[in-house]
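These notes are about the structure you will find just below.
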There are 2 protein chains.
Amino acid sequence: MAAPVDFYFDFSSPYGYFAAFKIDSLIERFERSVRWRPIMLGAAMKVSGNRPLAEQPIKGEYAVRDWDRMARFLELAWQKPDPFPIAALAPARAFYWLDDRDPKLAKAFAKAALHAYFGEGRNIAVPEVAAEAGAPLRIPAADLLAAVARPEIKERLKAETDAAIEQGVFGSPFIFVDNEPFWGQDRLWMVKRWLQSGGW
Amino acid sequence: MAAPVDFYFDFSSPYGYFAAFKIDSLIERFERSVRWRPIMLGAAMKVSGNRPLAEQPIKGEYAVRDWDRMARFLELAWQKPDPFPIAALAPARAFYWLDDRDPKLAKAFAKAALHAYFGEGRNIAVPEVAAEAGAPLRIPAADLLAAVARPEIKERLKAETDAAIEQGVFGSPFIFVDNEPFWGQDRLWMVKRWLQSGGW
């Protein structure tokens, strides 16, 4: 089996949310697995000189309209959360804590957290709210809360974010097929074509 | 026949170039016409606080790679021109001069100018070079050069750019189907779906 496809996203990114519910089914039909890698996009934006869409005049207003439209197209639960964006440290740290033991569970938790934030408007930056998202998956809240407070887990998220920046990640979602970078949920069609043809 | 679809682009925009060779065939199968509207994107960027991709660290490098990849995918002649980007006043002014008399000829000229710049690396910001692009279409160079120097044509491009900014245009290409905005060449699939279903 070929190397896994890397899927970078920020828990505060609407386009990351949209991609998260598509990426595995898209990639797995090519007999490749997907390695999820949540990052803190704010740190990457500092390096690339970008700003959150919500802070950008005109483009930010377009983005709000585009998120509504894309969510309707994908038939995904959607509301623009408040507060938005958030520094989603808690779910990202919880993800790595889970991923080391059970990558499948980590993905299920990530989807639940993304749904809680973008589908239900619950502020997953609050550790207790992130823990609630894990409850239906039988992830003990107390264990999750203890994990996200541990220095080595905090350091882990920082290291993963730094590694992503090092690889050239500047947005969310960001996908690598082998060493080929694809930025944006609206490029999933190109990822598919790339996998079909082995590049061009 | 329903109202025309508006297609905004900057002659210095690679994604505008890519879209220009697709847009008419895409739209016309829905029995809609396309109204081309070149603008000076720099003026729009001042309002929205954006910068040319070429000036952005990391994202700019990704863009260069993406242009190469997209051109190969579309099988369009492509080189990253030098200088890039340019203030493409001459071809945009020439476009409006032609468009008032013959919109079909104006589109053919626009395609020729885009090809000259992105396919052959010729600097179409130089009025004489823009005029050369019109030669195979039997557009008299002397007439074109006189037209692009006229105050009312200069004013026209400015007015069209201002109107685009007023409508919310912040990038190239930018497409309106009725009042629905679509930004980016990689959203042509969505424009198509929108026309197929009458929105969603």
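See the values below:
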quantity: Sorted by Cβ density within 10 Å, fewest first, the residues B:E132, A:E155; calculated: A:E155, B:E132
quantity: Chain B: relative contact order in percent, alpha carbon pairs under 8 Å with at least 6 residues between; calculated: 30
quantity: Neighbourhood net charge (13 Å Cβ-Cβ; Lys/Arg +1, Asp/Glu -1) for B:P38; calculated: +3
quantity: Approximate shape of segment B:45-200 as ellipsoid semi-axes (Cα gyration tensor, √5λ), whole Å, largest first; calculated: 26, 21, 17
quantity: MRE, 222 nm, helices only [DSSP H, n ≥ 4, -39500 (n - 2.57), over chain B, to nearest 500]; calculated: -15500 deg cm²/dmol
quantity: Simple label model, 7 Å out from Cα along Cβ direction - A:V126 to B:A2, nm; calculated: 4.4
quantity: Copies compared at A:E28 - label distances in nm, ascending, label defined 7 Å from Cα in the Cβ direction; calculated: 4.4
quantity: Other copies of B:K80: label-to-label distances in nm, shortest first, labels 7 Å along the beta-carbon direction; calculated: 3.5
quantity: Charge dipole (debye, nearest 20) of the protein assembly as shown; +1 at Cβ of Lys and Arg, -1 at Cβ of Asp and Glu; calculated: 340
quantity: Ranked B:S25, A:S48, A:S33, A:S13, criterion: other C-beta atoms within 10 Å, fewest first; calculated: B:S25, A:S33, A:S48, A:S13
quantity: Sequence-separation-based contact order of segment B:85-200, relative, with Cα cut under 8 Å and 6+ spacing, percent; calculated: 20
quantity: Extension gain from B:L105 to B:F21, taking 0.36 nm per residue of separation minus the Cα-Cα distance; calculated: 28.8 nm
quantity: Highest-fluctuation residue, A:A19, A:A71, A:A142 considered, GNM on chain A with Cα pairs under 10 Å; calculated: A:A142
quantity: Environment charge of A:A141, counting only residues whose C-beta is closer than 13 Å and scoring Lys/Arg +1, Asp/Glu -1; calculated: -2
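Since every read-out is calculated from the coordinates, none of them should be taken as a lab result. None of the values given here were measured: they were computed from a predicted structure. No Cβ is skipped: glycine too gets one built from the backbone with ideal geometry, and neighbour counts run over all protein chains shown.
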